[in-house]
Amino acid sequence: MMTLCDMAVDVLTTADGRDKTAKSRDYAAQWFAAREAGAPLEIGTATPPLRPSRPDAPELLDPRDVPKRKPGSPQGRIALLHAVAHIELNAVDLHWDIIPRFTHVRMPMGFYDDWVKAADEESKHFNLMCDCVEEMGSFYGALPAHAGMWRAAEDTVDDFMGRLAVVPMVLEARGLDVTPGMIEIFRKADATSAVAALETIYAEEVGHVAYGSKWFHFLCGRHEEDPKDAFHTLVRRYFKGALKPPFNEEKRAEAGLPPDFYWPLTETG
Ligand SMILES: [Fe+2]
Ligand SMILES: [Fe+2]
C-alpha cells in the first residue's frame with residue numbers, strides 16, 4: 001500500500017505533463033476515497049527530489065529571454081495559454097512537494113486534504129490549458145517557458161512557514177490579480193473554451209490562497225507569532241522584489257489575505 005508521501009514522490013518524479021497530472025488525479029481520488037471510507041492512507045515519509053522531473057520540452061529560458069507576448073494575435077493568445085499551462089504544471093509539483101517536504105512538523109489531517117485537493121485542481125487546470133492550446137493548433141512544449149518557476153520551492157526548502165508565505169500567499173495570490181484581465185482578452189477574441197477554462201481556474205485558485213492563509217495562521221498560532229509580522233519578515237527574506245499593485249482586494253479578502261498583509265510589501269526594504 002502506497003503512503004501519501006510515496007504518491008507525492010511518484011508524481012514529482014514523473015516527467016511528462018499528462019502522465020504527471022493523470023497520476024496526481026488518480027492519487028487524489030484514492031486519498032479522498034480512503035478518507036470517506038474512514039480508513040485514511042498513511043502519510044508516511046519520503047524524500048522529495050530537490051527539483052521535480054519535467055518533460056524535455058518546453059525549453060526553459062531565463063525570463064528575460066522568453067519572447068514578449070502580444071495578446072492581440074492568435075499566436076499571442078496561444079503563448080499566453082502556454083505560459084499558464086507551464087504555471088499550472090509547476091503548481092502541481094509545488095502542492096505535492098509540500099506534503100513530504102515538511103513531515104517533521106506534525107499537522108492535522110485537514111492540511112493534507114487541502115494540498116491534495118489543490119494538487120488535483122492544478123492537474124485539472126494543466127489539462128484544461130493543454131486542451132485549449134491544442135484546440136488552437138499548438139501543444140504544451142511547442143514554445144519556450146519560464147525557467148525560474150521552481151526557485152520559490154528551492155529557496156524555502158527548509159522553511160515551512162516561508163513556503164506557505166511565498167507560494168500560496170504571494171505567487172498564487174498574484175494569479176487572482178491577473179486572471180480577470182486574461183479572461184477579458186479571450187472573451188474579446190470569442191475564445192469560448194479558453195474563457196470557461198480560465199473561469200474555472202480563477203474560481204478554484206481562491207481556495208489555494210485560502211489554504212495557504214489558513215495553515216500559515218495555524219502555525220503562527222502554534223508558535224504564538226503575530227501573523228502579519230511573520231508574513232512580512234518571511235516574504236522579505238524569500239521573495240525577491242516588491243509586490244506589484246493593482247491587487248484584487250476583493251478576492252484576496254475572500255481568500256483570507258487582508259490588505260495590511262500585502263500593501264506594506266509594495267515597497268522594498
Ligand atoms: Fe491552478
Ligand atoms: Fe493554485
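Couple of notes before you dig in:
- The chain, helix-only ellipticity at 222 nm - DSSP H runs n ≥ 4, -39,500 (n - 2.57), divided by all residues, nearest 500: -20000 deg cm²/dmol
- Listed residue pairs exceeding 20 Å between alpha carbons, taken from Lys23/Lys251; Lys23/Lys117; Lys23/Lys124; Lys20/Lys124; Lys188/Lys244: Lys23/Lys251; Lys188/Lys244
- Each 10 Å bin from zero holds the following percent of Cα-Cα pairs in the stretch 71-266: 9, 36, 36, 16, 4, 0.
- q = 0.18 Å⁻¹, the stretch 158-269: log10 I(q)/I(0) [Debye, one scatterer per Cα]: -0.86
- Cleavage-rule hits (trypsin sites (Lys or Arg not before Pro)) in the stretch 89-161: DSSP loop, at most 14 neighbouring Cβ within 10 angstrom: Arg106
- Label zone (Met2, point 7 Å along Cα-to-C-beta; backbone nitrogen cut-off 16 Å) within the stretch 18-39: 18-35.
Read-outs throughout are calculated quantities, based only on the coordinates presented, and are distinct from any laboratory measurement. The model shown is predicted, which means the values in this text are computed figures rather than measured ones. Note that we place each Cβ from the backbone using ideal geometry, even for glycine, and neighbour counts take in every protein chain shown.
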